[in-house]
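These notes concern the structure reproduced below.
The values are calculated or read from the model by the stated rules, or taken from the named source; none is laboratory data. Computed from a prediction, not measured in an experiment: that's the story for all the values here. Reconstructed Cβ throughout: ideal geometry from the backbone, glycine too, with neighbour counts over all protein chains shown.
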């Protein structure tokens, strides 16, 4: 059971420069992190831009992310007519100057926000999934120059791979800490059987179903799933998520490949995503290292933890980031990246070996027991407070 905040404990705020709601994973991660931190400490607030009336913005966020009641969101006036980076910079200026001094600690994923906070003497934590020396070298050089400041409490990394890149780039080890992402456990309550989930999701009871849930834009490796579908026409592949443009691209590719065993339900609310995951025989992460090899951006995707929470067998590539959480033969079945014959063979085995599938599903559920957003929020809050007190 979560302990209440100690009297006099510092107050934490999550600050974002992204307008919500949005289908971007960044906003989902921010909302879930804040929501869990609010459960740990109800004094925690979210500071976010709005481009519509405050009440409307609050209702839109609640409906889109299916958040719980009573979350405290402080809005500031957003700008919706500027290019992305310029808009986020202006939002960072508004957020830091408007709310400076109200909170003891600011936790943010915003590059502009953390730099301004440090320069203004506001205690802040920065959060990233990126290998910043590679993906954002200019920002990283600035961050490294400011990293010795007491105002920067620390950098929260979503993977050990990201942490190692920052450590090798010159950030002190004591300012780096790995906190893997989590999953929203409540979306799987009450527990749903595979048959019941299929009935509610409108999926056939007599087909073997392999499901992917996540973004589908270029760089996510989703094309490999279509290739697998072509190699295994008797298996039904379901791809959950994606904006209209990305889905149109995938649908066009599916027609080119003449696939009749692919369904594209599109973006679904969190409870429906959970239903589709429960309905699957196997959950799949595209078996390729393309996201890292070509783009160096997607490290340990959030879907990994949601898949674990679903308690279904997982097929994934044996990439360094995924191997931080997934263990071959224990809570997932891992294959060589970009070896589609291996991936297809692994699917065959998972779908034909009930004992193996059950063992992996049980292992996934056991891992998930300690991988919720609430577990993460408790550990993150303790670390931020420890860093805050050390800096005072």
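List of remarks:
- All told, residue 291 falls short of being outside any helix (DSSP H, G or I) and at pLDDT below 95.
- Looking only at residues in segment 77-90 that are assigned to a loop (DSSP other than H, G, I, E, B) and free of Cβ contacts under 8 Å to residues at least 60 places away in the same chain, the one that is farthest from residue 392 (Cα to Cα) is 81.
- Within segment 96-106, the set of residues being over 17 Å from residue 392 (Cα atoms) and buried (at least 22 other Cβ atoms within 10 Å of the Cβ) comprises just one member, 96.
- Sole residue being assigned to a helix (DSSP H, G or I) and either in contact (Cβ under 8 Å) with a residue 24 or more places away in the chain or in the same structural domain as residue 199 (by TED's automatic domain parsing) (or both), chosen from 277, 300: 277
- Scanning segment 293-321 for residues that are more than 16 Å from the chain's Cα centre (by Cα) and crowded, with 19+ Cβ neighbours inside 10 Å yields 311, 312, 313, 314, 315, 316, 317, 319.
- Per the conditions (1) surrounded by 19 or more Cβ atoms within 10 Å (Cβ to Cβ); (2) part of a strand (DSSP E or B), the sole criterion not satisfied by residue 74 is (1).
- Where residue 239 falls short, out of the listed (1) within 30 Å of residue 335 (Cβ to Cβ); (2) surrounded by 17 or more Cβ atoms within 10 Å (Cβ to Cβ); (3) not assigned by TED's automatic domain parsing to the domain that holds residue 288: (3)
- Options 203, 225, 247, 253; residue that is in a loop (DSSP other than H, G, I, E, B) and touching a residue at least 12 places away in the same chain (Cβ under 8 Å): 203
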